[in-house]
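These notes concern the structure reproduced below.
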Amino acid sequence: MRMSSRSGGGRMRYRCASLFREESVLKSVAWWFRIPFWQRVMGAFVLGALVGWLMGESAGPWLQPLGDLYITLIRMIAVPLVFFAVIDAVGRLHGQKSIAALGGKTFLWFALTAICAVAIGLGVAWLMGPGKGVTGLVLPADYVPRQVPGPVQVLLDVVPSNPFAALAQGNILQVLFFAALAGAALVKLGHRVPRLRELTGETSALMMQITRWVLEMTPLGTFGLIAALVGTYGFGKLVPLGSFVIAIYVACTLQIVFTYGGLLALHGLSPLRFFRGAAAGMQVAFVSSSSFASMPVALRCVTTNLGVDKDYAAFAVPLGATIKMDGCGAIYPAIASVFVAQYFGIELSGSQYFVILLASVLGSFGTAGVPGTAIVMATVVLGAAGLPLEGLGYLVAIDRILDMMRTMTNVTGQMLVPVLVAREEGLLDRAVYDAPPRGVGVTLGDDPGAQA
């Protein structure tokens, strides 16, 4: 009896301890999810920078895999998310708003904001003179100038010869093209394919749920990426080209604050509320340096936090991720052109400034879907302005630092334009826009199918 009593008491204590541990874990998880998403990401950013500085070069092999895992997860969901969302969106937009009209306004705002970005880039470069006084730069041994495909080839490359290969390779422009065709076919078939239409919508909802789960990895991915960057990069490479780095960051900041903020104010929208709602997408863009990897987050921000119609956003945000590049395709080529001219002692004429402006705006559309947008665009612009292409080779060493700010500017613009067009076309839910941001991940206690 005594042995049985002792045994029963031991089991009871074990169960109590287990329940206590489970309760502690649940409280910790609840505390984590109560912290706003942007604060979790910012805390991971600061902690990653500190750890990277303390660990030095050893941070790369130890912590870079965390960042690589996060980027791989984002890329895993991006293509199926876009594919099913665009098919569903094209079908739903039919009969509500003209797709051609929405597309035309979207392209117009893409071009107008790109013009502002180029003008700001040229103005900042002219005032700061990033290439003046710079000497002794050495070309990397493995540097090879980029080969830029012609505009006809770019257009031909939009059409996939094998849609499944386009999906497997992550060629987002070809995926968009095929998905739009599939959506148009659903519209044409109408009531003959109700189950297929429902399946597409349900699959799109499924991918949205998976996206919410993956986005909860953002703080961990941010910590790994920033720690590895700070630890392995250091500040030695920044010193000779410090003025160029500063010029890029200043120009991008001016574009985000004044151009984007001014356009929002002109549309009767609060810039502060926009930036609060878009903060998660901007943070992921800065850390990942990839518009493609940031696209799922940007799409969630635009719909969940900023109130843009989901069907229009599913069309506009992926399109912007391929051709809307204010940082990489407008500001960077403009400042790089002035830098190269100043470094080689070339005096730019008024006509060359105009060529830089025109080539930067049109080139971003003409190189849509081409990998390495920033270098390709700078190659196009320098070639058009008659400047030596080898000057770009000197900037390769600092490209990772530049790409963080360039990409954040890209993605901010990709979120801005759908908001502007939705405001003009009555597709913006002001109650959602004016409300506090709801986040882009999951929230403890939420229905798994509900948005967070």
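Points to keep in mind about this one:
- Which of Asp399, Asp326 has the fewest Cβ neighbours within 10 Å, and the rest in rising order: Asp399, Asp326
- Fewest-first sequence of Tyr249, Tyr260, Tyr394 by Cβ atoms within 10 Å of each Cβ: Tyr249, Tyr394, Tyr260
- Judged by the mean number of other Cβ atoms found within 10 Å, the most tightly packed of the peptides 427-434, 170-177 leads the ranking 170-177, 427-434.
- Computed about its Cα centre, the charge dipole of the range 35-434 is approximately 640 debye, with only Lys, Arg, Asp and Glu carrying charge at their Cβ.
- If the segment from Asp434 to Met76 were pulled out straight at 0.36 nm per residue, it would be longer than the present Cα-Cα gap by 125.7 nm.
- The order of Leu69, Leu395, Leu225, going from fewest to most other C-beta atoms within 10 Å of their C-beta, is Leu69, Leu395, Leu225.
Read-outs: derived from the displayed coordinates by stated rules, not from any lab. Just so it is clear, the model here is predicted, and its values are computed rather than measured. Glycine also receives a Cβ, built like all others from the backbone with ideal geometry; neighbour counts cover every protein chain displayed.
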